[in-house]
1. Could you give every pair whose Cβ atoms fall below 6 Å, whose first residue belongs to the range 82-101 and is in the same structural domain as ASN13 (by TED's automatic domain parsing) and touching a residue at least 40 places away in the same chain (Cβ under 8 Å), and whose second residue is polar (S, T, N, Q) and buried (at least 18 other Cβ atoms within 10 Å of the Cβ), counting only separations of at least 6 or pairs across chains?
2. Which one of these is part of a helix (DSSP H, G or I), free of Cβ contacts under 8 Å to residues at least 12 places away in the same chain, more than 30 Å from VAL9 (Cα to Cα) and not assigned by TED's automatic domain parsing to the domain that holds THR12: SER171, SER164?
3. From the list ARG27, ARG82, which one is of a type in the set (Lys, Arg) and at pLDDT below 90?
4. Within the range 192-217, can you find the residues that are over 24 Å from the mean Cα position of the chain (by Cα) and of a type in the set (Gly, Ala, Ser)?
5. Which condition number in (1) surrounded by 15 or more Cβ atoms within 10 Å (Cβ to Cβ); (2) out of contact with any His (no Cβ under 9 Å at 6 or more places or on another chain); (3) outside any strand (DSSP E or B) is the one that GLY87 fails?
6. For residues in the range 3-27 being surrounded by 18 or more Cβ atoms within 10 Å (Cβ to Cβ) and aliphatic (A, V, I, L, M), which is nearest to PHE105 (Cα to Cα)?
7. Can you tell me which of GLU199, GLU205 is outside any helix (DSSP H, G or I) and modelled with pLDDT under 95?
Amino acid sequence: MDASTSCRVTYTNPLTKETTVVELDRRLNLGRKPRKPGLVIAADDDYVSANAIEVKRSPDGIQVGNISTHSYIEIRTSQGLRVVFPGEHLVMPTGATIMLRGSAFIHRIEIELADIEKRAKNSTGTKRLVENFEIAAERRPALVLLCAAHFFPERFGHSPLKASEIAKMLSAQGRCVTAKAINNKLQRTRADIEAHTGEYIDDREALVSYLVRFGYVTLSDVRAQLAAS
């Protein structure tokens with residue numbers, strides 16, 4: 001990964017709701033009492049290893065290593081969910097969500113690559129898929145909520161939200177929309193991607209994977225849309 005790429009590591013304490021944001025330099029250790037440079041996770045929870053996770057830059061992206069003495073971690077990327085056991089690591093070209101289990105809470109660590117979001121967005125409120133092709137702004141709220149479970153599986157489960165759920169959430173924001181209209185937006189987006197890129201999008205899971213993998217829906221997008229609900 002290019003040294004100029006900005007990588008941000010974010011942790012929100014599930015008990016105090018206090019959020020800590022660290023800009024990754026070369027490497028970062030996370031745990032109950034991590035080596036420097038470090039980010040403290042669950043300081044009073046002996047179930048969490050003193051050094052549980054190592055995040056560092058690599059030529060191919062971000063490398064996340066499980067350096068815990070006993071506990072596995074879960075890493076959710078655009079390619080799906082991976083379980084990483086002690087001594088193992090995973091290299092990712094894009095951002096990810098890391099789930100670390102404690103005795104009482106699941107600790108969530110977000111890794112975001114800032115330049116991916118910057119490249120994906122333009123100044124018109126739409127997001128570019130390929131050259132001369134954009135997702136219409138009026139479809140974006142539905143597509144962002146479709147991806148909510150990818151970033152927040154502990155809240156929404158491991159499957160994309162149903163059209164009826166998306167419609168209900170958008171209706172709470174004052175938008176008059178039906179489940180049928182949501183399905184139409186999703187289907188048109190799938191058809192557009194296939195027509196312009198040649199990539200076959202066979203279901204909602206594949207659509208979520210595509211949008212997240214290429215940075216067209218990001219963690220920041222989902223947070224903003226949920227906050228509006």
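1. Matching pairs, first to second residue: THR94/SER78.
2. None of the others qualify; the one that does is SER171.
3. Result of the check over ARG27, ARG82: ARG82.
4. Answer for the range 192-217, where residues must be over 24 Å from the mean Cα position of the chain (by Cα) and of a type in the set (Gly, Ala, Ser): ALA195, GLY198.
5. Failed condition: (1).
6. VAL9
7. Only one candidate passes the filter, namely GLU199.
Yes or no, residue by residue, for (1) free of Cβ contacts under 8 Å to residues at least 12 places away in the same chain; (2) assigned to a helix (DSSP H, G or I); (3) over 22 Å from PRO93 (Cβ atoms):
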position	(1), (2), (3)
HIS150	no, yes, no
SER159	no, no, yes
ARG175	no, no, yes
GLN187	yes, yes, yes
ALA191	yes, yes, yes
GLY215	no, no, no
ASP221	no, yes, no
LEU226	no, yes, yes
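The values are calculated or read from the model by the stated rules, or taken from the named source; none is laboratory data. Keep in mind that what you see is a predicted model, and the values were worked out from it rather than measured. All Cβ positions, glycine included, derive from the backbone under ideal geometry; neighbour counts span all protein chains shown.
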